[in-house]
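Asks: Below you will find the structure I want to go over with you.
The values are calculated or read from the model by the stated rules, or taken from the named source; none is laboratory data. Computed from a prediction, not measured in an experiment: that's the story for all the values here. Cβ coordinates were reconstructed from backbone atoms using ideal geometry, including for glycine residues, and neighbour counts include every protein chain displayed. The protein model used for the area step is the full one, side chains on, heavy atoms only, and it has no ligands, DNA or RNA in it. Shrake-Rupley method; radii C 1.70, N 1.55, O 1.52, S 1.80 Å.
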Amino acid sequence: MYDIVIIGAGVIGLSIARSLGEKTNMSILIIEKEDSFGKGVSSRNSEVIHSGIYYEPNTLKAKLCTRGRDYLYEYCDQNKVWFNNCGKLVVSKLHQQTQIESLYANAKKNGVDDIEIIDKSEISKLEPCIDSDIALKVNCTGIISAHDLMTSFYNKSKNFDHDYLFKSKVLGIQKNSDLYKIDIENYYGEIENLNCKWVINAAGLDSDIIGNLLGLTVPSLKFLKGSYFKLSSKWRGKFEHLVYPLPDKK
């Protein structure tokens, strides 16, 4: 019997476990289908600390992105998690100046003040290998080691005596009065069950499945394929900033 069961040991599940451990002394179990933490979508992100310049002002995305960015820098600095506040350039040609100015205005509405519009000569000084007429320079963007961050969260969670159940898949969840009964298939293919007061769904790509098991109406996830390309070795060390094109609205 646990107070809380967290389903999913990615960056979200681990972060929730760490936070609960700091604020409560409740018993917590984290269930993960992989053989260790952070092996799902949390291991397949771009590891960018985003600035919040793109989102619609006053939306949750905008508010949480800018707050989360500040919290991440603070947490990494205090807990020796690798990061680099390198900044980024959103590059464009002169005929796209209106779009750059519009993006600048949107960023300001979201409270992103550490930005400026720079011209070709300033771009060349910062990034000699970039050919661009105009750019939005965003100083608060950075990069982070997602694996170091998850390791830090995991270690803190373990220090709070949280239990982890790896190689285990949630098959069913039933609400009985004030408790949840969770059916689990373990590594050996055996079915086990446990009870808890609260269930937290942090299951990543399986979050819709877990939501349905909880009896919630959850829309199916829509999957989009992304591709990564790697520059050849001759370009190693040639860039100091992240470099982005203007977003393509189409």
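Asks: Need a quick list: strands (runs of 3 or more DSSP E) entirely within segment 149-250 having at least 2 residues that are touching a residue at least 60 places away in the same chain (Cβ under 8 Å) and farther than 30 Å from Arg69 by Cβ.
Replies: 163-165, 169-176, 179-185, 191-201
Asks: Quick one: Gln78 ticks every box in (1) of a type in the set (S, T, N, Q); (2) surrounded by 13 or more Cβ atoms within 10 Å (Cβ to Cβ); (3) within 27 Å of the chain's Cα centre (by Cα) except a single one, so which number is it?
Replies: Unmet condition: (2).
Asks: Can you tell me which residue in segment 123-148 is farthest from Gly21 (Cα to Cα), limited to those that are in a helix (DSSP H, G or I), in contact (Cβ under 8 Å) with a residue 12 or more places away in the chain and over 20 Å from the mean Cα position of the chain (by Cα)?
Replies: Ile123
Asks: Among the numbered conditions (1) modelled with pLDDT of 95 or more; (2) touching a helix residue (DSSP H, G or I) at 6+ places or on another chain (Cβ under 8 Å), tell me where Val41 comes up short.
Replies: (1)
Asks: Can you pull out every residue in segment 39-64 that is in contact (Cβ under 8 Å) with a residue 60 or more places away in the chain and either of a type in the set (A, V, I, L, M, F, W, C) or within 19 Å of Gly226 (Cβ to Cβ) (or both)?
Replies: First pass over segment 39-64, keeping only residues in contact (Cβ under 8 Å) with a residue 60 or more places away in the chain: 40-43, 45, 47-54.
The answer is Gly40, Val41, Ser42, Ser43, Asn45, Glu47, Val48, Ile49, His50, Ile53, Tyr54.
Asks: Out of Asp131, Asp161, which single residue is on the phi > 0 side of the Ramachandran plot and open to solvent by 40 Å² or more (accessible area, probe 1.4 Å)?
Replies: Asp161
Asks: Is it true that some residue in segment 212-230 is touching a strand residue (DSSP E or B) at 6+ places or on another chain (Cβ under 8 Å) and at pLDDT 95 or above?
Replies: no
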